[in-house]
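The values are calculated or read from the model by the stated rules, or taken from the named source; none is laboratory data. In this text, all values refer to a predicted model and were calculated from it rather than measured experimentally. Positions of Cβ are generated from backbone atoms using ideal geometry, with glycine treated the same way; all protein chains shown enter the neighbour counts. With ligands, DNA and RNA removed, areas are computed over all heavy atoms of the protein, side chains included. Shrake-Rupley method; radii C 1.70, N 1.55, O 1.52, S 1.80 Å.
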Amino acid sequence: MNISECQNVRRLSGWIASALLFAALACLADGLAAGFKGEQRDLQGLPGTTLPVTAPLPQGAATISDINVQGGDDLVILTPQSEFSGFWLGGTMWRGTVLIAVDAAPGKRIFTLTGPGADPLAPAPKPLVIAVTVHANAKAMRNASPSFVMRAVGVHPFSASVAMLLLAVPFGVAGYLANRTFERILAQNGQAVVYLAKKDENGMVIAFSMGTRHGLRNGMHVPIFDGNGSQAGEALVDGCQTEDCTARMVSGECKPGYMVELPSGTRKDGNQ
């Protein structure tokens with residue numbers, strides 16, 4: 001792979017990975033927006049299915065035996081089944097099921113869950129409301145989804161977000177490998193891209209991916225070239241490792257993306 005091919009792979013991989021990560025965030029936001037209903041929980045189902053449901057205990061309820069379920073009908077039944085500890089905020093949660101009979105008619109059923117009777121002089125506690133919408137078929141349920149992703153492609157937005165994230169990984173890896181190959185080819189030619197340029201109280205410090213293995217050492221002066229190939233300044237090497245160096249600008253200017261070259265006659269150990 002030559003320098004031009006490495007640059008093309010880096011550029012293409014970067015754009016694709018960025019687009020996939022943006023899409024993953026958009027799907028995640030869509031799923032969160034679709035699921036945000038305040039105090040109410042909305043469930044969608046078809047006749048003949050069983051829907052899982054989890055929720056905190058209603059105010060005033062200490063166990064699921066304290067829950068009073070009102071609403072629904074003989075064909076759509078909500079049943080609390082067990083308790084568990086909440087993962088994010090702690091506290092007692094409960095899980096249960098909503099059983100939808102095969103012959104249940106399409107429409108919305110509202111379940112209101114309350115705790116045991118409270119002091120009549122105290123403010124009434126807020127009930128937990130669960131809405132169950134029965135759809136005639138899968139197409140109708142998809143079209144009624146609050147999620148844009150679900151309506152558009154028929155995939156749960158959280159599943160789509162994970163899929164986009166997983167697809168972005170190989171493109172990110174390809175970009176990283178192409179970048180490493182690009183840096184290696186440049187180093188073999190006595191060049192390196194400046195990846196860091198920052199100012200401090202004593203001037204500007206730069207860093208680049210060439211080091212003692214390529215013939216650099218502390219105290220050497222290295223020329224800096226801009227994107228057009230014109231010399232933009234000079235830097236004094238003040239910190240060397242095997243594959244990386246830092247240097248301080250002594251003249252001119254430098255920005256990330258500028259090029260450092262080895263001084264003429266510098267021996268490039270390991271590249272011969």
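Okay, residues lined up against (1) free of Cβ contacts under 8 Å to residues at least 12 places away in the same chain; (2) open to solvent by 50 Å² or more (accessible area, probe 1.4 Å):
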{"site": "Asn2", "(1), (2)": "no, yes"}
{"site": "Asn8", "(1), (2)": "yes, yes"}
{"site": "Trp15", "(1), (2)": "yes, yes"}
{"site": "Leu21", "(1), (2)": "no, yes"}
{"site": "Gly31", "(1), (2)": "no, no"}
{"site": "Gly45", "(1), (2)": "no, no"}
{"site": "Gly60", "(1), (2)": "no, yes"}
In the range 195-221, which residues are closer than 22 Å to Ser264 by Cα, among the small types (Gly, Ala, Ser) and in contact (Cβ under 8 Å) with a residue 24 or more places away in the chain? Ala207, Ser209, Gly211, Gly215
Report yes if Ala168 is small (Gly, Ala, Ser) and either surrounded by 18 or more Cβ atoms within 10 Å (Cβ to Cβ) or farther than 30 Å from Ala26 by Cβ (or both), otherwise no. yes
Sort out which residues of the range 194-215 are part of a strand (DSSP E or B) and either of a type in the set (Asp, Glu) or modelled with pLDDT of 90 or more (or both), and write them in order of number. Val194, Tyr195, Leu196, Ala197, Lys198, Lys199, Asp200, Met204, Val205, Ile206, Ala207, Phe208
Complete set of residues in the range 195-211 that are surrounded by fewer than 16 Cβ atoms within 10 Å (Cβ to Cβ) and under 21 Å from Arg184 (Cβ atoms): Tyr195, Leu196
Conditions: (1) touching a Gly at 6+ places or on another chain (Cβ under 9 Å); (2) of a type outside the set (Asp, Glu); (3) closer than 30 Å to Val169 by Cβ. Phe111 meets all but one. Number of the miss? (3)
Taking the range 140-192 as the region of interest, how many residues are assigned to a helix (DSSP H, G or I) and either in contact with an Asp or Glu (Cβ under 8 Å, 6 or more places away or on another chain) or under 30 Å from Phe208 (Cα atoms) (or both)? 24
Within the range 45-75, restricting to residues that are hydroxyl-bearing (Ser, Thr, Tyr) and assigned to a strand (DSSP E or B), the one that is modelled with the lowest pLDDT is Thr54
Residues that are within 13 Å of Glu261 (Cα to Cα) and of a type in the set (S, T, N, Q): does the range 189-196 have at least one? yes
What number of residues within the range 168-181 satisfy the criterion of being farther than 23 Å from Ala23 by Cα and either without any contact (Cβ under 8 Å) to a residue 12 or more places away in the chain or of a type in the set (Ser, Thr, Tyr) (or both)? 3
Is one or more of the residues making up the range 182-191 crowded, with 17+ Cβ neighbours inside 10 Å, farther than 30 Å from Ile16 by Cβ and not charged (D, E, K, R)? yes
Going by the conditions given, is Ala152 touching a residue at least 24 places away in the same chain (Cβ under 8 Å) and more than 25 Å from Arg11 (Cα to Cα)? no
Which ones in the range 212-234 are in contact with a Phe, Trp or Tyr (Cβ under 9 Å, 6 or more places away or on another chain), crowded, with 16+ Cβ neighbours inside 10 Å and not charged (D, E, K, R)? Val222, Ile224, Phe225, Ala232, Gly233
Give me a count of the residues in the range 93-134 that are aliphatic (A, V, I, L, M), modelled with pLDDT under 90 and assigned to a loop (DSSP other than H, G, I, E, B). 4
